[in-house]
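Heads up, the thing below is written out as structure tokens.
The values are calculated or read from the model by the stated rules, or taken from the named source; none is laboratory data. What you see is a predicted model, and the numbers here were worked out from it, not measured in a lab. Reconstructed Cβ throughout: ideal geometry from the backbone, glycine too, with neighbour counts over all protein chains shown. These area figures cover heavy atoms from the full protein model, side chains too; ligands, DNA and RNA do not enter into them. Shrake-Rupley method; radii C 1.70, N 1.55, O 1.52, S 1.80 Å.
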Amino acid sequence: MRVLVFGRGKSGLGAAKLLERLGIEPLLYSDGEPEPELSGIAAVVKSPGVPPRNPLLEKAKRAGIPVYGEVELGYRFSSGSFISVTGTNGKSTTTAVIYHALKLSGRESFIGGNYGIPLSTFALDTTEESFTALELSSFQIEDLTSFRSRVSVFLNVTPDHLNRYSSFEEYREAKLRLLDFSDCAVVNGDDPSFKHLKGKPGIYTFSVSADSGADARVEGELLVFGDYRIPYRELPLKGIHNLENYLAALVALAVVGLSEEEIYKGFKAFKGLPHRCEVVGRKGGVVFVNDSKATNPDAMKKALESFRSVVLIAGGSDKGLDFKELKPLVKSRVKALVAIGETAGKLVETFKEETYVLTASSIEEAVERAYALTGGEGVVLLSPGCASFDMFKNFQERGERFREAVKRLTEET
């Protein structure tokens, strides 16, 4: 038996590895290569980056060849319970918080999905007793058919990936499709995208507002859900957006049976992920913050709300997103903006009336120019608001290049 694996990235290689473990021959293929002959192909497994309307996939479907997503393939050979996390921003952090608490509680646990570890790479290692914290992008959700999540978390939905979706509404519906594959769901009660779900069976809401009426909420200095009371002042992750992440994780973990003590222990021990508002250096009165994971305007907004006196480094590959709603925030918090990448011109045009704007041709030049504009105090913040693919392999490489540039600058005498 031969299975065509469409995509040579992490997901494609993970799917090929699983197929080999099952004794099935994978045939790896990527766009730009000679189109493979479909005769003798039992199924196609697609990576999430491959659009569902790709001509080769359409051709396979017309030939009666089933097409599966990599997550769907991995799920079909997995065991145990799944906790799924989706949303425009905060997915990786919330998934990691959930996994960390599960692991520290002594439960057999796995983490993967859009987090960077394909489900296919560990699917056969899961057991009936194990838990898998799975980050899911809209691209991955599109391909689900038999997947089942014990509890799914919906953090937020803001405009993103409009270079793949025809509208925000289409993108939002792709996210909400996960509801069809979930036993119960945890949704952001403050996000209008989930307003229609409030009060429905199997839906838990969370909100940072004490008087919101949400199932999980902030009361004084406590995260509250039912009988659970988690003090948050000593928790490592700061900012309103992380309070939302903690609340969502609290509900999901409580639903699958963790105690208040186990959840608090997990929350307190998890120190955060790199490239998310991560302090990477200081020089005099200037702090350098790496928020390379901010790949859309809403993520940039959350970073800007956390700092004042900012010199912002932003820009990258254009996903068709609009930055105009950030004008008031940029005017009040950003004393200069260094624009990079494909969207540099768009950022200059959008914010030239709000702050001083200039461009740089590399991340290294951007760091030098940003530091010069601080006047010796404040924050140099890399929060691109865009994808990285015009200049870098991924957001991790962009963040590491920023870190290296900051290190060189701060070590200069």
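For segment 175-192, take each phi angle, set θ = phi - 60°, evaluate the Karplus expression 6.51 cos²θ - 1.76 cosθ + 1.60, and give the result in whole Hz per residue in order, putting x for glycine and proline.
Karplus values, whole Hz, x for Gly and Pro: 5, 5, 4, 4, 4, 5, 10, 10, 5, 8, 9, 10, 10, 6, x, 9, 9, x.
If you add up the charges near E411, with Lys and Arg at +1 and Asp and Glu at -1, over every other residue whose beta carbon is less than 12 angstrom from its beta carbon, what do you get?
Numbers: positive: R282, K283, K407, R408; negative: E404, E412.
In short, +2.
Take the Cβ-Cβ distance between S361 and E108 as r, set R0 to 51 Å, and report the resulting FRET efficiency rounded to the nearest 0.05. Spell out each step's value before the answer.
Working: r = 49 Å, r/R0 = 0.96.
That gives a FRET efficiency of 0.55.
Once you place label points 7 Å from the Cα toward the Cβ at K352 and E173, how far apart are they in nm?
3.9 nm
Give the shape of segment 129-288 as rounded, prolate or oblate, defined through the alpha-carbon gyration tensor: a ≥ b ≥ c are the square roots of its eigenvalues, a/c under 1.5 means rounded, and otherwise the shape is prolate if a/b is larger than b/c and oblate if not.
Oblate shape, in that a/c is at least 1.5 and b/c is the bigger or equal ratio.
Whenever you get a sec, compute what percent of the accessible area on the chain sits on carbon and sulfur atoms (1.4 Å probe). Don't jump to the answer; show the numbers that get you there.
Values: 8560 of 17360 Å².
Looking at the chain in its full context, I get 49 percent from C and S.
Can you give the calculated 222 nm mean residue ellipticity of the chain, where each DSSP H run of n ≥ 4 adds -39,500 (n - 2.57) and the sum is split over every residue, rounded to the nearest 500 deg cm²/dmol? Don't skip to the answer; put the middle values down first.
On the way: 13 runs with 133 residues, N = 413.
Helix contribution divided over all residues of the chain: -9500 deg cm²/dmol.
Among DSSP beta bridges whose residues both lie in the chain, state the antiparallel percentage, nearest 5.
Approximately 20 percent, going by the DSSP bridge assignments.
I'd like to compare 200-209, 293-302: which one has the highest average count of other Cβ atoms within 10 Å, and what's the full order after that? Walk me through the numbers on the way to the answer.
Values: 200-209: 17.2, 293-302: 23.6.
Descending packing order for the listed peptides: 293-302, 200-209.
Around L329, what is the net charge, scoring Lys/Arg as +1 and Asp/Glu as -1 over all other residues with Cβ under 12 Å from its Cβ? Spell out each step's value before the answer.
Details: positive: K301, K302, R308, K324, K327, K331, R333; negative: D298, E305, E325, E354.
Within the 12 Å Cβ shell, the charges total +3.
Classify segment 176-262 as rounded, prolate or oblate, taking a ≥ b ≥ c as the square roots of the eigenvalues of its Cα gyration tensor: rounded when a/c is under 1.5, otherwise prolate if a/b is larger than b/c and oblate if not.
Values: a/c = 1.83, a/b = 1.41, b/c = 1.29.
Prolate.
When the Cα centres of segment 323-397 and segment 192-255 are compared, how far apart do they sit, in Å?
If you average the Cα positions of each part, the centres end up 33 Å apart.
Rank by packing, highest mean first: peptides 51-64, 347-360, 86-99, with packing defined as the count of other Cβ atoms within 10 Å averaged across residues.
Details: 51-64: 12.8, 347-360: 16.7, 86-99: 25.6.
By packing density, highest mean first, the sequence is 86-99, 347-360, 51-64.
Less than 15 Å Cβ to Cβ from P201, Lys/Arg counted +1 and Asp/Glu -1: what total charge do the surrounding residues give? Each step should come with its number before you reach the end.
Details: positive: K198, K200; negative: D180, D183, D215.
Result for the local shell: -1.
Fully extended, how many nm does the chain gain between R308 and K200 (0.36 nm per residue separation, minus their Cα-Cα distance)? Working shown, then result.
On the way: separation 108, 0.36 × 108 = 38.88 nm, distance 4.03 nm.
So the extension gain works out to 34.9 nm.
Which loop GluC sites (Glu not before Pro) in segment 71-134, with loop taken from DSSP, have no more than 12 other Cβ atoms within 10 angstrom of their Cβ?
Numbers: sites: E72, E108, E128, E129; in loops: E108, E128, E129.
When the GluC sites (Glu not before Pro) of segment 71-134 are filtered for loop state and at most 12 Cβ neighbours within 10 Å, E128, E129 remain.
Amide H neighbours of T359 under 5 Å, counting only residues 5+ apart in sequence or on other chains, H built in-plane at 1.01 Å?
For T359, whose amide H was placed from the backbone, the distant partners under 5 Å are A339.
How big is segment 23-88 by the Kirkwood estimate over distinct Cα pairs, in Å?
On the way: mean 1/r = 0.0727 Å⁻¹.
About 13.8 Å, per the Kirkwood formula over Cα pairs.
Taking amide H positions as placed 1.01 Å from N in the peptide plane, with prolines and chain starts having none, which residues 5 or more places from T205, or on another chain, fall under 5 Å of its amide H?
For T205, whose amide H was placed from the backbone, the distant partners under 5 Å are V187, D215, A216.
Residue-wise, which Karplus ³J(HN,Hα) couplings in Hz belong to segment 272-282, taking 6.51 cos²θ - 1.76 cosθ + 1.60, θ = phi - 60°, and x for glycine or proline?
x, 9, x, 6, 10, 6, 9, 6, 10, x, 9
Grab segment 248-385 and count how many Lys pairs have their alpha-carbon atoms under 14 Å apart, sequence gap of 8 or more, or different chains.
Step by step, the pairs that qualify in segment 248-385 add up to 14.
Relative to the present Cα-Cα distance, how much length would full extension add between K271 and K283 at 0.36 nm per residue of separation? The partial results should precede the final answer.
Values: separation 12, 0.36 × 12 = 4.32 nm, distance 2.33 nm.
Using 0.36 nm per residue and subtracting the Cα-Cα distance, I get 2.0 nm.
Is segment 69-168 best put as rounded, prolate or oblate by its Cα gyration tensor, with a ≥ b ≥ c the root eigenvalues, rounded for a/c under 1.5, and otherwise prolate when a/b is larger than b/c, oblate when not? Walk me through the numbers before you get to the answer.
Working: a/c = 2.40, a/b = 1.48, b/c = 1.62.
Oblate shape, in that a/c is at least 1.5 and b/c is the bigger or equal ratio.
Just to be sure I understand: if I project the alpha-carbon convex hull of segment 243-350 onto a plane and average over all orientations, what area do I get in nm²?
8.8 nm²
What spacing in nm lies between the two simple spin-label points modelled at E411 and T145, each 7 Å away from Cα in the Cβ direction?
The answer from the label model is 5.3 nm.
Using modelled amide H (1.01 Å from N, peptide plane; none on Pro or chain starts), what sits under 5 Å from the amide H of R2, excluding residues fewer than 5 places away?
Under 5 Å from the amide H of R2: A42.
For segment 63-70, what does the Karplus curve 6.51 cos²θ - 1.76 cosθ + 1.60, with θ = phi - 60°, yield as ³J(HN,Hα) per residue in whole Hz, taken in order and with x for Gly and Pro?
7, x, 8, x, 10, 10, x, 4
If you place +1 on the Cβ of every Lys and Arg, -1 on the Cβ of every Asp and Glu, and leave all else neutral, what size is the dipole of the chain about its Cα centre, to the nearest 20 Debye? Before the final figure, lay out each step's value.
Working: 52 positive and 55 negative charges, 62 e Å.
Computed about the Cα centre, the dipole is about 300 debye.
Based on the Cα coordinates of segment 21-138, what is the per residue volume of their convex hull in Å³?
Spelled out: Cα convex hull of segment 21-138, divided by residues, is 115 Å³.
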